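This report refers to the structure that appears directly beneath it.
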Amino acid sequence: MERVEAELFTDGGNDAVVRLPGRNFPGVLIQGDTLSILRTDVAELIELCAAGDLEEARHAASLLHADLDEKLRRYTDALDAHGIRRPFF
């Protein structure tokens, strides 16, 4: 394990926006339990598609999309608040 000093752009809760040394742009620190939930959500979506349940798949995809939109909004808000350009368009 290596200890490094990182820049924290949001509070330290879930989905913290941090920049590690040597990186041009901050990233989003996703806690392990949150990562596991995202993986489970994608697996459910795959299963629903495979079963042909497109209505439920669409609903599951919408929830996942909304969750990712919120994480991206938190990220872009943090960058905007600190005058950092976005690494995407």
**Prompt:** Somewhere in segment 35-51, is a residue under 23 Å from Gly13 (Cα atoms), hydroxyl-bearing (Ser, Thr, Tyr) and part of a helix (DSSP H, G or I)?
**Reply:** yes
**Complete:** When segment 1-33 is checked residue by residue, the ones that are surrounded by 16 or more Cβ atoms within 10 Å (Cβ to Cβ), touching a residue at least 60 places away in the same chain (Cβ under 8 Å) and over 13 Å from the mean Cα position of the chain (by Cα) are Phe9, Thr10
**Inter-residue pairs, beta-carbon under 7 Å, first among the charged types (D, E, K, R) and in segment 52-64, second assigned to a helix (DSSP H, G or I), 6+ apart** = Glu56/Leu48
**Asked** Across segment 36-67, what is the number of residues that are surrounded by fewer than 12 Cβ atoms within 10 Å (Cβ to Cβ) and either within 22 Å of Phe88 (Cα to Cα) or of a type in the set (Lys, Arg) (or both)?
**Response** 3
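With the requirement that a residue be out of contact with any Phe, Trp or Tyr (no Cβ under 9 Å at 6 or more places or on another chain) and within 10 Å of Tyr75 (Cβ to Cβ), what does segment 10-31 give you?
Phe25 - this is the single residue of segment 10-31 that is out of contact with any Phe, Trp or Tyr (no Cβ under 9 Å at 6 or more places or on another chain) and within 10 Å of Tyr75 (Cβ to Cβ).
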**Asked** Which of (1) out of contact with any Pro (no Cβ under 8 Å at 6 or more places or on another chain); (2) not in a loop (DSSP other than H, G, I, E, B) does Pro21 not meet, given it meets every other one?
**Response** (2)
**Test result for Ile84, under 30 Å from Asn24 (Cα atoms), among the β-branched types (Val, Ile, Thr) and not in a helix (DSSP H, G or I)** = yes
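None of the figures in this text is laboratory data; all of them are computed from the coordinates on show. Predicted, not measured: the structure shown is a model, and the values here were computed from it. Note that each Cβ is placed from the backbone with ideal geometry, even for glycine, and that neighbours are counted across all protein chains shown.
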